Amino acid sequence: MTKTVMALGAHPDDIEIGAGGTLAALANDGYQVIFVDYTNGEPTPHGTVEKRMQEAESARQIIGASERVVLDLKNRELFDTVEARKKVATLMRKYRPEILFAPYYEDGHPDHLSASSLSLASRFYSKLSNTDMEHEPYYPGKVFYYYAFHLQVKVQPSFVFDISSTFHKKMDSITAYESQFVTHEGNRRVLKQLETDALYWGKCVGVEYGEPFTCRDHLCVKESAALFSM
């Protein structure tokens, strides 16, 4: 049976910025990758709902994710509520992911903070019985936190994923958001910064490009061969 991972984000483009290279590698390796955006990202000074959705679909195809779900929660007013938890948990029960990718839990953007806490709370709600949520109870495994934050934070990741072979897909998926990063001149510097960051994290682990993640749980190594690829 194909294993599934689910990536969760406050807005379209958050997932691609924080974990696009890793998710592209997982999709290349045959895993089912599901994107869940909590909001459609609008209103913003640039773009429209229709434009953002077209861009998000193009980005999904570039990464190779099998599906993208955009919930109807409100941009700029995203909160970890019971109603929101049930919406997200229902998706977890439906798709039954072994791994969750969620936003890092320290951020200057209120929506990102809410998305992080909502992701973790929904994971717990997903296993509840005697509830009005659809599908059978399910508890996703590990949660890996990606960095797409609005703070200058010194982070100590749990691991860095080698995205040397998929870095181009990460960047192509981000430039697919043309209204945000191409025609919006003020955000073009973000593309250069993302490349600089990927080069830095790659250098930290001896590869060309890397993507860092934090895991609050201990990570278990079950095969001796894995020690030689870390």
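With θ taken as phi - 60° and the coefficients 6.51, -1.76 and 1.60, list the Karplus ³J(HN,Hα) couplings across segment 151-168 in order, rounded to whole Hz; mark glycine and proline as x.
9, 8, 10, 7, 9, 10, x, 6, 7, 10, 8, 6, 10, 4, 7, 10, 4, 4
If we restrict to alpha carbons, what Rg and Dmax does segment 74-148 come to, in Å?
In Å, with Rg to one decimal and Dmax whole: 12.2, 37.
Of the cross-linked pairs Lys3/Lys127; Lys3/Lys192; Lys3/Lys86, which ones have a Cα-Cα span greater than 29 Å in the structure shown?
From Lys3/Lys127; Lys3/Lys192; Lys3/Lys86, over 29 Å: Lys3/Lys192.
At 7 Å along Cα-to-Cβ for each site, give me the label-to-label distance between Glu57 and Thr44 in nm.
Here the answer is 1.8 nm between the modelled labels.
Assuming R0 = 22 Å, what is the FRET efficiency of Lys3 and Tyr105, from their Cβ-Cβ distance, to the nearest 0.05?
Once the sixth-power term is evaluated, E becomes 0.30.
Name the aspartates and glutamates eligible as straight-distance cross-link partners of Lys154: C-alpha to C-alpha under 13 Å, and not fewer than 8 places from it in the same chain.
Glu106, Asp107, Asp197
What dipole magnitude, in Debye to the nearest 20, does segment 4-229 give about its Cα centre under +1 on Lys/Arg Cβ and -1 on Asp/Glu Cβ?
380 debye
State, in angstrom, two size descriptors of the chain derived from its alpha carbons: Rg to one decimal place and Dmax to the nearest whole number.
Using the Cα atoms of the chain, the pair Rg, Dmax is 17.0, 52 Å.
Roughly how many whole Å is it from the C-alpha centroid of segment 111-165 to that of segment 1-70?
Result: 15 Å between the Cα centres.
What FRET efficiency comes out for Arg76 versus Val221 if R0 is 30 angstrom and r is the Cβ-Cβ distance? Round to the nearest 0.05.
Rounded to the nearest 0.05, the efficiency is 0.10.
Efficiency by 1/(1 + (r/R0)^6): what FRET value for Asn187 and Gln152, r their Cβ-Cβ distance, R0 = 30 Å, to the nearest 0.05?
My answer for the efficiency is 0.95.
Readers should treat all values here as calculations from the given coordinates under stated rules, not as data from a laboratory. Everything quoted here is computed from the prediction, not taken from an experiment. Every residue, glycine among them, receives a Cβ derived from its backbone with ideal geometry; neighbour counts consider all protein chains shown.
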